[in-house]
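Please read the structure below before turning to the comments.
The values are calculated or read from the model by the stated rules, or taken from the named source; none is laboratory data. Since we're looking at a predicted model, the values are computed, not measured. Every residue, glycine as well, gets a Cβ built from its backbone with ideal geometry; the counts of neighbours run over all protein chains shown.
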Amino acid sequence: MRLITHNMLQCHVKACPPGQSYPLQIRNAELEALDAEFNADFVRRLIPKLDWKVLRSTAFELGVAQLPEECPAEPTEDDLQMIHKVALQTRVKEAEMVCSGCGHVYPIKDGVPNMLLQDHEI
Amino acid sequence: MDSLPKEKLEHVHVHNVYNIIAPHFSATRYKPWPIVDNFLSGLDKGSIGADVGCGNGKYLGVNPDVFTVGSDRSDKLIDIVRERGFEAMVCDNLRLPYRDSCFDFITSIAVIHHMSSPERRLMAINELIRVLKPGGHLLIFVWAFEQESRSKRRFSEQDVFVPWKMPKAIYGPASSQPNTAVAEDGGDVVYQRYYHLFREGELEEMVRQSPDAMVEACGYDRDNWYVIASKK
Ligand SMILES: C[S@@+](CC[C@H](N)C(=O)[O-])C[C@H]1O[C@@H](n2cnc3c(N)ncnc32)[C@H](O)[C@@H]1O
Ligand SMILES: [Zn+2]
């Protein structure tokens, strides 16, 4: 799972308290760096689609990068490189994603999150 | 078929079957359908989307200028997607683990026809619409009850089992996994997949039930009905 994908994920347990199902907290993470081609234009167009606060705090907690507090309005080439590295090249290989609302744990194994729930959680 | 509860029916005749046939299924899936290809190729650069029920991920690399998260209920198919280097996760279309309005586009190719009641089909479609951004686009394909004249298949009912035959010589003997219905036919192991075949207008009608969706195009292509919709 790349960090850009984590940016979209939320807990979907039926009884999860509204407003607390996002973002999922990543614990016990093993990270790896992917080889993804950098395309400045692509990253520039991606930025407004991201939840910057969540990307920033996740990158910080995982020790990947210290992103600026505010999403850069006029990103420099360096900003774009940094965002590319954080969102598209950082992959969580093994981890647990924990919901702060209901405590549900979603495992990530071999880079793949398993988001299936038990029947009684749906 | 009617004797099984809906979740159980899908478990035995959809989810377990795809897990067992994954390598064989994947070996048969490589040619993209032109309408799906066009939809993906026409997306704006930098779009973010989800392919829900992505199978072996055959559409995930079509447009390199967009970012697509592939997902499927079958972990064995998702293993194949991951090995191909695509972004992937295991999840169920009936409850998607994505926040509201976060994707520019969604594709659902040959998936909704595996849901075994009108309520479940509608629920799956509504989930696709929920995670789409206002202004975003959705493409859904489902198998048609009305088969083209040159097609070998004819159906007399809308809810059917369609056999999947796997050559034993290549893929080995029948799976002994619990909750699977198997039969043998000469050199093949036969698994029955559940399908709901859509009649003309049925898919479109379901999409129109959502107050958030606007149907932009619909049609018939190669034994399938499709709808392209946008979110209001
Ligand atoms: C006919 S295949 C199509 C795969 C791919 N979209 C393609 O066009 O090649 C149907 C897929 O739907 C998946 N599927 C069935 N029920 C599902 C569900 N409830 N949630 C997610 N995926 C599901 C199956 O595992 C299978 O991969
Ligand atoms: Zn939760």
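So, in the stretch B:93-117, exactly how many residues are of a type in the set (D, E, K, R) and in contact with a Ser or Thr (Cβ under 9 Å, 6 or more places away or on another chain)?
2
Which residue out of A:L55, A:L3, A:L9 is within 15 Å of ligand 2 (Cβ to nearest atom), under 9 Å from the mean Cα position of the chain (by Cα) and buried (at least 20 other Cβ atoms within 10 Å of the Cβ)?
Residue meeting the stated conditions: A:L9.
Working carefully through the options B:F105, B:F86, find the one that is within 14 Å of chain A (Cβ to nearest Cβ), without any contact (Cβ under 8 Å) to a residue 40 or more places away in the chain and not in a helix (DSSP H, G or I).
Among B:F105, B:F86, only B:F86 is within 14 Å of chain A (Cβ to nearest Cβ), without any contact (Cβ under 8 Å) to a residue 40 or more places away in the chain and not in a helix (DSSP H, G or I).
I need the helices (runs of 4 or more DSSP H) fully contained in the stretch A:17-122, keeping only those with at least 1 residues that are among the small types (G, A, S).
Passing ranges, in order: A:40-46, A:52-61.
Any idea which of (1) within 11 Å of chain A (Cβ to nearest Cβ); (2) over 25 Å from B:K45 (Cβ atoms); (3) in a strand (DSSP E or B) is the one B:W143 doesn't satisfy?
For B:W143, the failing item is (1).
Only one of B:V14, B:V81 is surrounded by 15 or more Cβ atoms within 10 Å (Cβ to Cβ), in contact with a Cys (Cβ under 7 Å, 6 or more places away or on another chain) and modelled with pLDDT of 95 or more. Can you tell me which?
Selected residue: B:V81, the only one of B:V14, B:V81 that is surrounded by 15 or more Cβ atoms within 10 Å (Cβ to Cβ), in contact with a Cys (Cβ under 7 Å, 6 or more places away or on another chain) and modelled with pLDDT of 95 or more.
Please determine whether any residue of the stretch B:97-112 is of a type in the set (S, T, Y), surrounded by fewer than 22 Cβ atoms within 10 Å (Cβ to Cβ), farther than 16 Å from B:V14 by Cβ and at pLDDT below 95.
No, that holds for no residue.
Pairs only if they're at least six apart or on different chains, beta carbon under 9 angstrom, first in the stretch A:57-74 and touching a residue at least 40 places away in the same chain (Cβ under 8 Å), second loosely packed, with under 13 Cβ neighbours inside 10 Å; list them, first residue then second.
From the stretch A:57-74, the pairs are A:A59/A:Q66.
Taking the stretch A:3-13 as the search range and keeping residues that are away from ligand 1 (no atom under 16 Å from the Cβ) and in a loop (DSSP other than H, G, I, E, B), which one is farthest from A:V112 (Cα to Cα)?
Applying the filter and picking the extreme gives A:V13.
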